[in-house]
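Remarks on the structure that follows.
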Amino acid sequence: MVTLREITVDNFWDIVALSVDEAQREWVLPNAVSIAQAKVQPECVPLAVYAGEQPVGFVMYCVDRDDGEYWLYRLMIDKRFQGLGYGRQALERVLDILRADGARHHIFLGVHPAAAAAVTLYRNLGFRFTGQVFGAEHIMALTY
């Protein structure tokens, strides 16, 4: 079972060491960059993804400064653990957290359209393309 955990001094280096496959690196920033972003943007919530006691990925969400809506800023599963359902389980855990906030009813994310597995995952959980494009990322939204 996948759990989301706070990033601490005890797991920091394990999470920083996780990485995606070479072909996916243009789509996902390194976890160290995301953790640094959370330091200067305290509205960001970085979390480690664990399968049992094994760190397998990273996720970060926030209430965006510009639009006041929830955004999934990062979701990555280490290349060694992809294809095992951990990404879906991690995203389901995040969605449970965000849906519990009755003040908001939308979750947005940006995805590179060539990231077929990510697009499929997001669609399967109810996200739809909005037609907006920011840089190389196409925006998807989930309304709940």
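The values are calculated or read from the model by the stated rules, or taken from the named source; none is laboratory data. The shown structure was predicted, so the numbers you read here are calculated from the model rather than taken from an experiment. Glycine gets a Cβ as well: all are built from the backbone with ideal geometry, and neighbour counts include every protein chain shown. The accessibility values were calculated without ligands, DNA or RNA, using every heavy atom of the protein model including side chains. Shrake-Rupley method; radii C 1.70, N 1.55, O 1.52, S 1.80 Å.
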For every other residue with a beta carbon closer than 13 angstrom to the beta carbon of F134, add +1 if it is Lys or Arg and -1 if Asp or Glu, then tell me the sum. -4
Using a 1.4 angstrom probe on the protein heavy atoms only, line up M1, M140 by accessible area, largest first. M1, M140
Probe 1.4 Å, all protein chains in place: accessible area of L72 in Å², nearest 10? 10 Å²
Is the shape of segment 47-86 best called rounded, prolate or oblate, per the rule: a/c under 1.5 gives rounded, else a/b larger than b/c gives prolate, else oblate, with a ≥ b ≥ c the square roots of the Cα gyration tensor eigenvalues? prolate
Averaged per residue, what accessible area in Å² does segment 1-135 show with a 1.4 Å probe, protein chains only? 54 Å²
Using the Kirkwood radius over C-alpha pairs as Rh, can you work out the diffusion coefficient of the chain via Stokes-Einstein at 37 °C, viscosity 0.692 mPa s, in µm² per second? 214 µm²/s
Within segment 1-87, list the GluC sites (Glu not before Pro) lying in a DSSP loop whose Cβ has at most 16 other Cβ atoms in a 10 Å radius. E26, E43, E53, E69
Using a Gaussian network model on the chain with a 10 Å cutoff between Cα atoms, which of L121, L91, L75 fluctuates the most? L121
Of W27, W71, which has the most accessible area and how do the rest follow, probe 1.4 Å? W27, W71
Not counting ligands, DNA or RNA, and with a 1.4 Å probe, what is H105's accessible surface area in Å² rounded to the nearest 10? 90 Å²
With a 1.4 Å probe and every protein chain left in place, tell me how much accessible area V28 has, in Å² to the nearest 10. 40 Å²
On the accessible surface of the chain, probed at 1.4 Å with all protein chains in place, carbon and sulfur together account for a percent value of 55 percent
